[in-house]
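Below is one structure. I have some questions about it.
Computed from the coordinates by the stated procedures, all read-outs in this text should not be read as laboratory data. Predicted, not measured: the structure shown is a model, and the values here were computed from it. Cβ coordinates were reconstructed from backbone atoms using ideal geometry, including for glycine residues, and neighbour counts include every protein chain displayed.
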Amino acid sequence: MNEDIAKIFEELATLLELTGANGFRVNAHSKVARVVEGLTSDLGELARTDDAIKSLEAIDGIGKSSAQKIVEFAAQGTVTELEKLRASVPDGLREVMKVPGLGPKTVRRLWQEAEIESIEDLEAAIDDGRLEALPRMGRKTIDNIRESIDFMKTAGDRRRLGTAMPIAERLVAAMQAIPGVRKVAYAGSLRRGQETIGDLDLLVTTTDPTAASEAFRTQSGVTKILVAGETKSSVRLEDGIQVDLRVVPEEVWGAALMYFTGSKDHNVALRERAIGRGLRLNEYGLFPDDGEDGPPQQRGVTAIASATETEIYEALDLPWIPPELRVDRDEFDLEVPDDLITVDAIHAELHSHTTASDGRLTIDELAVAARTAGRTILAITDHSRSSAQANGLDEARLRRHVEAIREADARIEGIRLLAGSEVDIHADGSLDYDDDVLALLDVVVASPHASLRQDPAAATARLCAAARHPLVSIIGHPTGRLIGTRKGLEPDIEKVIAAAIEGGTALEINANPYRLDLRDIHVRAAVDAGCLIAINTDAHRAEHLAFIRYGVMTGRRGRLRNPGCVNTWPDQRLLDWLGRNR
């Protein structure tokens with residue numbers, strides 16, 4: 001329940017600021033949200049005890065008023081003050097709040113001074129000049145707002161991979177528990193590991209299609225039934241995502257899984273390949289072409305292959321192609337490597353944060369969490385001084401932090417701790433610490449955090465300079481993008497790759513599902529050029545270490561093999577590489 005409580009207080013802080021509350025109240029609610037996010041114990045259970053208020057107040061950062069809200073939420077599922085605030089703010093303003101670069105204060109000005117209550121109002125105000133008439137609304141600012149709105153529209157109503165995957169896994173588990181269900185899997189763009197997902201596709205085989213379909217449509221969280229049939233059902237869940245269920249015979253499982261996994265272009269290419277061999281391919285199997293019209297299965301034609309994906313690919317003279325590669329980008333000409341990157345191959349985490357900057361765990365806590373997650377090496381890379389918003393470390397704090405990491409490394413068994421830093425790359429390509437400070441570190445992850453609207457030429461020069469720096473180990477989240485909200489830098493990626501190869505530097509796939517940066521097409525370019533790749537979670541809490549699977553899916557989409565990912569190397573080889581210029 002902690003996540004829900006944190007969201008409640010985040011929304012309270014936003015709406016309070018939007019409605020003109022004083023800064024103290026706004027900051028107090030923001031602080032509670034941060035405190036709750038960092039707790040490992042379930043506040044929902046604590047809020048239902050007899051001494052709930054007193055127990056909650058004992059937590060540093062939670063006062064009596066906040067404790068009362070938590071108790072109210074635990075008991076009623078809502079908070080009266082929040083409902084009143086929601087009622088006082090036009091619904092459309094919440095969408096305006098999602099426009100990148102528009103904070104609560106700016107949105108309040110737009111609402112109060114220009115009567116803007118929706119995205120449509122904002123676009124109209126840009127077009128008719130009302131926005132430019134407002135104080136501190138220059139042409140560049142307005143152009144940035146317009147660009148952000150356009151970007152939001154292209155992003156569409158899609159969920160990030162890391163949002164959709166847990167929903168799909170919960171649905172799969174629920175369907176597996178239904179009597180008669182034999183197989184369950186998610187398909188579609190989620191199985192292909194795309195960074196954003198439009199809707200979810202589930203496949204099941206069952207001895208009782210009616211019961212399975214009914215259970216799917218009546219499960220908790222369903223707000224609307226869109227289609228109700230014995231072989232196909234569609235529902236909408238509470239968060240708005242659509243989920244489609246297909247009930248298929250077990251003997252056609254492979255054909256159905258292949259068909260509903262896609263991509264569309266991959267399926268078209270497969271069908272054309274089948275036609276070229278005198279065959280017909282559909283979601284029921286691969287059939288001989290008897291020259292008749294209509295689906296062959298309806299005429300009783302026996303399938304050549306249908307039970308597994310592997311046998312269908314084999315019948316088309318192809319190896320089994322991993323779902324992440326099914327994009328019709330010459331995968332049929334590819335000799336699919338048997339060492340395509342996997343989660344199990346990753347044993348080093350080279351980008352993580354503790355309470356020294358903006359993380360939620362101490363050095364010891366993060367070390368134990370990483371060891372539990374199967375890591376044998378953990379680089380602790382708290383933010384450098386320019387990232388003031390992330391409590392970045394000045395030189396004196398960094399030196400003390402390095403000593404603390406080395407002390408913990410000597411004391412904690414079962415994992416090697418490395419002292420590092422996520423060092424800001426300034427707009428001109430210089431780094432946030434001098435070289436004598438960088439030389440003290442085992443790992444330097446150089447990342448862009450500011451000036452992310454830089455023109456492509458400047459962005460390219462900036463990243464190339466950092467990639468060539470002899471004391472830089474990894475270029476972290478190279479473009480700085482946030483999926484669906486911020487485009488980030490748009491460098492000439494081939495030049496950045498060349499600079500990284502020249503400097504012996506790895507480019508990072510940041511596995512946080514908000515980033516997935518490098519993106520798959522950049523990974524493919526890096527792999528083809530022979531550039532080293534690192535996959536890191538950028539962990540700020542223990543659960544973030546599980547993000548590694550999203551980075552691996554992105555790596556697989558980019559055809560990254562185990563040897564090309566430094567996180568898979570034997571410990572000593574990795575340590576030798578990190579220390580090559582130190």
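For the chain, what's the relative contact order in percent, using C-alpha pairs closer than 8 Å and at least 6 residues apart?
With pairs under 8 Å counted, the relative contact order is 9 percent.
From Cα pairs below 8 angstrom and at least 6 apart in sequence, can you work out the relative contact order of the range 192-337, rounded to a whole percent?
About 21 percent, as a whole number.
In percent, what relative contact order does the range 144-209 have, based on Cα pairs under 8 Å that are 6 or more apart in sequence?
Over the range 144-209, the number comes to 35 percent.
Still on this structure, please answer the following. Apply the Debye scattering formula to the range 153-305, with a single equal point scatterer on each alpha-carbon and no solvent, then give log10 I(q)/I(0) at q = 0.17, 0.20 Å⁻¹.
After summing over all Cα pairs, the log10 values are -1.01, -1.23.
For a quick check: sort F151, F547 by the number of other beta carbons within 10 angstrom, fewest at the front.
Placing the least packed residue first, the sequence is F151, F547.
Sticking with this one: For the residue pair E115 and R146, what label-to-label distance in nm results when each label sits 7 Å from Cα along the Cα-to-beta-carbon direction?
So the label points at E115 and R146 sit 2.3 nm apart.
How long are the semi-axes of the equivalent ellipsoid of the range 513-578, defined as square roots of 5 times the Cα gyration tensor eigenvalues? Whole Å, largest first.
19, 18, 9
Over the Cα atoms of the range 1-142, each weighted equally, I'd like the Debye log10 I(q)/I(0) at q = 0.11, 0.12, 0.19 Å⁻¹, rounded to two decimals.
For the range 1-142, the Cα-only Debye profile gives -0.49, -0.56, -1.03.
How much of the calculated P(r) for the range 425-529 lies past 19 Å, in percent of all Cα pairs?
37 percent
What's the whole-number percent of alpha carbon pairs in the range 159-247 lying beyond 19 angstrom?
31 percent
Could you compute the longest span of the chain free of GluC sites (Glu not before Pro) located in DSSP loops and having at most 12 other Cβ atoms within 10 Å, not counting the site residues?
Longest run free of exposed loop sites: 414-582.
Of L361, L316, how do they rank once you tally other Cβ atoms within 10 Å and put the fewest first?
Least crowded to most crowded, the residues run L316, L361.
Which FRET efficiency value, to the nearest 0.05, do you get for R25 and T231 by plugging their Cβ-Cβ distance into 1/(1 + (r/R0)^6) with R0 = 51 Å?
Between R25 and T231 the formula returns 0.40.
Once the convex hull of the C-alpha atoms of the chain is built, how many Å³ does it hold per residue, rounded to a whole number?
It is 188 Å³ per residue.
What is the order of T206, T381, fewest Cβ neighbours within 10 Å to most?
Ascending number of Cβ neighbours within 10 Å: T206, T381.
Rounding to the nearest 20 debye, state how big the charge dipole of the range 36-99 is about its Cα centre with +1 on each Lys and Arg Cβ and -1 on each Asp and Glu Cβ.
Value, rounded to 20: 260 debye.
Let me ask something else. Which value at 222 nm does the chain reach when only helices count, each DSSP H run of 4 or more adding -39,500 (n - 2.57), with the total divided by all residues and rounded to the nearest 500 deg cm²/dmol?
Helices in the chain give a 222 nm mean residue ellipticity of -13000 deg cm²/dmol.
Distance between Cα centroids, the range 270-347 to the range 18-39: provide it in whole Å.
The range 270-347 and the range 18-39 have Cα centres spaced 54 Å from each other.
Which percent, to the nearest 5, of DSSP beta bridges fully inside the chain are antiparallel?
Antiparallel bridges make up about 45 percent of those DSSP assigns within the chain.
Pop out the ³J(HN,Hα) list for the range 571-582 in order, Karplus 6.51 cos²θ - 1.76 cosθ + 1.60 with θ = phi - 60°, rounded to Hz; leave Gly and Pro as x.
The phi angles translate into 3, 5, 4, 5, 5, 5, 5, 5, x, 4, 10, 10 Hz.
Now for a different question. Pop out the ³J(HN,Hα) list for the range 515-528 in order, Karplus 6.51 cos²θ - 1.76 cosθ + 1.60 with θ = phi - 60°, rounded to Hz; leave Gly and Pro as x.
Result, ordered by residue: 10, 6, 9, 5, 8, 4, 5, 6, 4, 4, 5, 5, 4, 4 Hz.
For the range 245-350, with equal point scatterers placed on the C-alpha atoms only and solvent neglected, what are the log10 I(q)/I(0) values from the Debye formula at q = 0.12, 0.13, 0.15 1/Å, to two decimals?
The Debye formula, applied to the Cα set alone, gives -0.44, -0.51, -0.65.
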